[in-house]
Amino acid sequence: MPPPLRLNAVAFISPQNHPILIRTFQKGDELKYHYVAHTSLDVIEERISGDSKSTECYLGLLYAMDDVAAYGYITPLKVKIVIALALTDSVVRDAEVISAFKALHMAFYHAVSNPFLKLDAATNSGNDQYPYLLVGGSKWKSFRQRVDEISKALGNVTST
Amino acid sequence: MSSRTSLQNPPGSTSTLVALADPPVRQVDGAAMDYFLIEAVNALRSSSAVAAARAKKIEHDMAEAGLVPPPPPAKNPTSAQGQRDSMGSVSSKSAAVVDEEEEGVRTRLEAIGMHVGGNFAERLCRDRPLFGDSLDAIKFVCKDLWSSCWDKQVDNLRTNHRGVYVLQDNAFKPISRLSSWEGRNEALRRAKLYVALPAGIIRGALSRIGLHGTVVPEVAVLPQCQSCLSRIIFVRLVDFPTDWLPSGCAGTFQIKLPKNT
């Protein structure tokens, strides 16, 4: 039985390319996954601004670095989600990765529908910024909990 | 009874990935939702009246303390009596003050609508491909957003290909049952407040997609009385309009988008 996928990190990036939440599940340094998210942005831009043949949300494997492979997903509202999976020899099925992205999108949607976010944001940000940058902050814990849950679920997925 | 879906994850969901990716859809009673939206306008109107009164009091106090120059003599504040639509008359002593209050309520309704619209768009966009251009986004609003909020699709979409879109709905659900015993004009005036929330929803959805523009709602025609011949005499004697069969009410939304989209 092939080993389950190990999710190393998850990154949410706003339409203006600001980070919303970067969550890592490895003991290694967090900065590395900030870097991974940053470079994925370039690859995503490349893929999006190509000829408009791509109307797919799932961008597939973006690139692979030392021991992680980065997969990307962009929502129609231009929020980008990048996950870094540990490189394994086993086949990574697209369907699993896509359902992981959909679950992450739902978690983001739940976090962002909180009407109390604006109370906090109104005092800080200007008008042009994406108003949900705060959703990854330490005050709003449920988003992180949901993302943790998803990573556990992904780890539990076994091949059938 | 029509039901509208409220899409929320129940707490303590199972930890399988598939369950997390496609949470079960929860439903809300459609009629209860309609009543709620109607009453929300009233509640917000009285709430914003209180907020405005408080702001005026603070201004007044500060003027008395000499901190700010005294405001120009304000007209008589109107009807402290209820302005509920289901009762009574609005004694319009000073139309200017009333309009100012209405502006306050309208801005609040629109702000709420923007939040709701943005989140609706976020949820509805989940299973669809990326948007091609702004026309694509407007079509998404006309079809998906309209049918999930108001159970039908937009009847007519026109554009001048330079950033202005006109969406026409011949039986717009929030105002389809609105009538006023003071006559059609009065009902039209009241309807303007009730379309503020839907206008906010549209604007919020568009701005989440990335198109920042203005949405201007217009109400042209409200439910008319469709009486058969035997009843006309009755109406003249008693002299108040009733609507038995709403024959059509049109709401038009004009959307202006900036030119470079």
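Quick notes on this one:
- Per-residue SASA remark: B:C149, around 10 Å² accessible (1.4 Å probe; ligands, DNA and RNA not included).
- Here's how it looks for A:I20: its modeled amide H is under 5 Å from those of A:F12, A:I13, A:S14, which are all 5 or more places away or on a different chain.
- Pairwise FRET efficiency - A:F116 versus A:D66, Cβ, R0 = 41 Å, nearest 0.05: 0.50
- For the segment B:123-133, counting C-beta atoms of other chains within 10 Å of every residue's C-beta and taking the mean gives 5.
- Of the GluC sites (Glu not before Pro) found in the stretch B:126-226, none is in coil by DSSP with at most 12 other Cβ atoms within 10 Å of its Cβ.
- With all protein chains modelled, accessible area of B:R45 [1.4 Å, Å²]: 30 Å²
- Size of the B/A contact, given as accessible area buried on both chains, probe 1.4 Å, in Å²: 2500 Å²
- Nearest-10 value in Å² for the accessible area of B:K57, using the 1.4 Å probe: 120 Å²
- Of A:K27/A:K152; A:K32/A:K78; B:K152/B:K256, pairs whose Cα-Cα distance is over 21 Å: A:K32/A:K78; B:K152/B:K256
The values are calculated or read from the model by the stated rules, or taken from the named source; none is laboratory data. Computed from a predicted model, the values in this text were never measured in an experiment. Glycine also receives a Cβ, built like all others from the backbone with ideal geometry; neighbour counts cover every protein chain displayed. Side chains are part of the model used for accessible areas, which takes the heavy atoms of the whole protein and leaves out ligands, DNA and RNA. Shrake-Rupley method; radii C 1.70, N 1.55, O 1.52, S 1.80 Å.
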